[in-house]
Amino acid sequence: MDGTGTAPRKGTVTQRAIERIKAMIADGRLEPGQRLPTERDLAAELGISRSSMREAIRALTVLGVLEARHGSGIYVTRLWAGDLLETFGVVADLSRGERLAELLEVRRVLESAATALAAARITPDRLAEAGEHLAAMEATDDPDELLAHDLAFHRVIAVAAGNETMAALLEGLSSRTFRARVRRGYEEDGALARTRHEHAAIHRALAARDPEAARAAAAAHVGGVEQWLRQSPES
């Protein structure tokens, strides 16, 4: 980043410094949890000015690749997908119109895949947890409660799929703000009973350990919202 807070332009010295540090991590010269050399030593090693190195470190810290520990130095983070993809949710929160519909299309693909994987891998405890959220959705008409249990229901499935990166992407596409915006209008069109039915179909497929039925049920659920959104003038 430069002094204005914007991302460094591709091809700038700062951007090249970012790429060099990323390469050091990718090839194992810097491991997760390892302390970086001092700013001075790293700049000298890479042949880059200290100011550019400082900006590169700042940018990678914002992205969750590096972290500053007070009094200790700069370290490579755990590099967990959930941390690195944390800013992905901002895109979903701020998108409108066709871009919002495109994000739902991505979510439909990922949600279908995750639900199919979960059908094969979900544990009895996680299946019971999803069932509890389903029962809570059936028992309330309060929009906030519905949204909370809806989010939790899908989060249990994403975790049960056993793919951390996929779960992190779905988390970004399922932020409370994003889901609230979409669901508010969708439910005003009288779709609440249908969404409850769709969640129940997903849970039945999970309980039956049927990946293809789970994939189809998840695709139908997200696809219905996606279709509404593409037809809605308010999105």
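The values are calculated or read from the model by the stated rules, or taken from the named source; none is laboratory data. Given the structure is predicted, the values throughout are model-derived calculations rather than measurements. Neighbour counts run over all protein chains shown; Cβ positions are idealised from the backbone, glycine included. Just the protein is used for accessible areas: all its heavy atoms, side chains included, with ligands, DNA and RNA removed. Shrake-Rupley method; radii C 1.70, N 1.55, O 1.52, S 1.80 Å.
For ARG9, are the conditions met, namely being under 27 Å from the mean Cα position of the chain (by Cα), basic (Lys, Arg) and either modelled with pLDDT under 95 or exposed (fewer than 11 other Cβ atoms within 10 Å of the Cβ) (or both)? Judged against the criteria, ARG9 is a match. Sort out which residues of segment 64-94 are more than 15 Å from the chain's Cα centre (by Cα), more than 23 Å from ALA23 (Cβ to Cβ) and either among the β-branched types (Val, Ile, Thr) or open to solvent by less than 60 Å² (accessible area, probe 1.4 Å) (or both), and write them in order of number. Residue satisfying the conditions is SER72 alone. Selection over segment 107-128 of residues that are out of contact with any Leu (no Cβ under 6 Å at 6 or more places or on another chain) and outside any helix (DSSP H, G or I) gives a count of 1. In segment 181-235, what residues are at pLDDT 90 or above and outside any helix (DSSP H, G or I)? Across segment 181-235, the qualifying residues are ALA208, ARG209, ASP210.
Of all residues in segment 150-164, those satisfying the criterion of being part of a helix (DSSP H, G or I) and open to solvent by less than 50 Å² (accessible area, probe 1.4 Å) are ASP150, LEU151, ALA152, PHE153, HIS154, VAL156, ILE157, ALA158, ALA160. Taken as a whole, the structure places THR115 among residues that are open to solvent by less than 20 Å² (accessible area, probe 1.4 Å) and in contact with a helix residue (DSSP H, G or I) (Cβ under 7 Å, 6 or more places away or on another chain).
Among all residues of segment 89-106, there is none that is in a helix (DSSP H, G or I) and closer than 18 Å to LEU30 by Cα.
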